[in-house]
Every structure is written in C-alpha cells, then in structure tokens.
Amino acid sequence: MLVIVLGFPCFVSSPESPLQAIIAGRQAIAEIVTDPRSPVILGHSSRTVRVVVSLTIVRRDSARVLLVDARDRLLLFRSLRHPGKPELGTLWVTPGGGVKDGERAGEAAARELFEETGLSVSPGELGPIVASTSGTADLGWMAGEFHDVFFFHRVDQHDVDIRGFEELEASCFAEYRWWSARELEIGRASCRE
C-alpha cells in the first residue's frame, strides 16, 4: 500500500493497512522508496530506507446537548467538514464539544451549550446522559477515535447566539436550524437515496 510519510511516498510492509494500525494503536513499518537521483534521505543514500512510523491514536471525548424547543424541534448546526474547504461538504451536529482535562461531561455540555448558543444552564439541569456514540473518523481538523455523550434539555424557546464560538467553530460554521421530527425523517430518507 502506498502512503505518504514525511512528504515521501512509502510502501507499507506491515500485513495491515496504516489505518488498521492507527485504529489498533500500533506502529506501522514503512519503506521509503526513493528515486536513485534523489538526494540522501535520513542519512542513507540507498534506494530503499526502512522507517518506523509511530501512529498514535487520538481519542476525543465530547459532550453534546439535544436541545429541543416547545414545538419539539431539535437545534442543529451545519458546519464545514474542513475549515476553508466548502467543496469537502458539510455536516449537521448538535451543540457541544470537547471535554477538557479535569472536566466532567455534564460540565462540558453546559459550557459548550453556553458558548455555542448563549443558553446558560447548570450541569444538573441537563440531567443524565441519554445516549452515546463512538467510532473513528477523519474530520479534517482532527482524526482518531471519537466518543460523544448526549444530554437532553428542553426550552420553551431560545434565540441562538453564536458569538461564543471558538475560532475553529466560527471558521466552520455555516448555519443553524431548528428541525421538526418530520423534517429530520425526510432528511434521513433523502440521505439513503
């Protein structure tokens, strides 16, 4: 399999792909195959140089809020998959974000909800975790294993204030929208087509 390491094309000699190694948290052995006319690489002038590529898996824990209004509509943010690259598409996400070191999930969810919507609630008002999801992904700005927990909070109404977005969030933000259950179902059906 051809991959790029340190800007050079490499052929992985491990029995598994680099992605499999990343997911398993192992190292991959790669061979840098150089053009005989190329300059010396890593102190070797031979045509093939073996290097060990340490693949560290990144784990990101995040806390999110399913914010529903009195009309049973769910708030979602549409964001660019990669900052500054709208051609890579968008995705819809709930308010929320990364859990900081020493922070509990409920505290992170309440903090993120305030930063992203302007709605101030205590962690206790969010109640228990109602759902969780995890898996590996490459979101452009980060790749690795993601683990999200979700809290539920209902409001009569709320005027969303996005002035608290962090720089990365602001650079990816496209729009927000309150979705009815019917609209979510129609959207899900159109995604399957």
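The values are calculated or read from the model by the stated rules, or taken from the named source; none is laboratory data. Nothing here was measured: the structure is a model prediction, and the numbers come from that model. So basically every Cβ, Gly included, is an ideal-geometry build from the backbone, and we count neighbours across all protein chains shown. Note: accessible area is taken over every heavy atom of the protein model, side chains too, but ligands, DNA and RNA are not part of it. Shrake-Rupley method; radii C 1.70, N 1.55, O 1.52, S 1.80 Å.
The table that follows gives values for the structure above.
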| quantity | calculated |
| --- | --- |
| Some residue of the range 152-166 being at pLDDT below 85, in contact with a Lys or Arg (Cβ under 6 Å, 6 or more places away or on another chain) and either among the charged types (D, E, K, R) or on the phi > 0 side of the Ramachandran plot (or both) | no |
| Pair list, Cβ < 6 Å and 6+ apart or interchain, from the range 100-127 residues that are more than 13 Å from residue 62 (Cβ to Cβ) and of a type in the set (Phe, Trp, Tyr) to residues that are at pLDDT 95 or above and open to solvent by 40 Å² or more (accessible area, probe 1.4 Å) | 114/120 |
| Pair list, Cβ under 6 Å, 6 or more apart: the range 60-75 residue acidic (Asp, Glu), other residue surrounded by 16 or more Cβ atoms within 10 Å (Cβ to Cβ) and part of a loop (DSSP other than H, G, I, E, B) | 61/99 |
| Any hit, the range 126-139, residues being touching a Phe, Trp or Tyr at 6+ places or on another chain (Cβ under 8 Å), β-branched (Val, Ile, Thr) and more than 24 Å from residue 178 (Cβ to Cβ) | yes |
| Lone unmet requirement of (1) more than 22 Å from residue 60 (Cβ to Cβ); (2) touching a helix residue (DSSP H, G or I) at 6+ places or on another chain (Cβ under 7 Å); (3) among the hydrophobic types (A, V, I, L, M, F, W, C) for residue 155 | (2) |
| Flag if residue 83 is over 10 Å from residue 63 (Cβ atoms) and in contact with a helix residue (DSSP H, G or I) (Cβ under 9 Å, 6 or more places away or on another chain) | yes |
| Any chance residue 119 is among the hydrophobic types (A, V, I, L, M, F, W, C) and over 20 Å from the mean Cα position of the chain (by Cα) | yes |
| Wholly within the range 84-179, helices (runs of 4 or more DSSP H) carrying at least 1 residues that are open to solvent by 50 Å² or more (accessible area, probe 1.4 Å), of a type outside the set (A, V, I, L, M, F, W, C) and within 21 Å of residue 74 (Cβ to Cβ) | 123-126 |
| Subset of the range 53-83 that is part of a strand (DSSP E or B) and among the charged types (D, E, K, R) - its residue that is surrounded by the most Cβ atoms within 10 Å (Cβ to Cβ) | 64 |
| Qualifying positions in the range 116-150 - among the β-branched types (Val, Ile, Thr), out of contact with any Ser or Thr (no Cβ under 9 Å at 6 or more places or on another chain) and under 19 Å from residue 100 (Cβ atoms) | 117, 121, 129 |
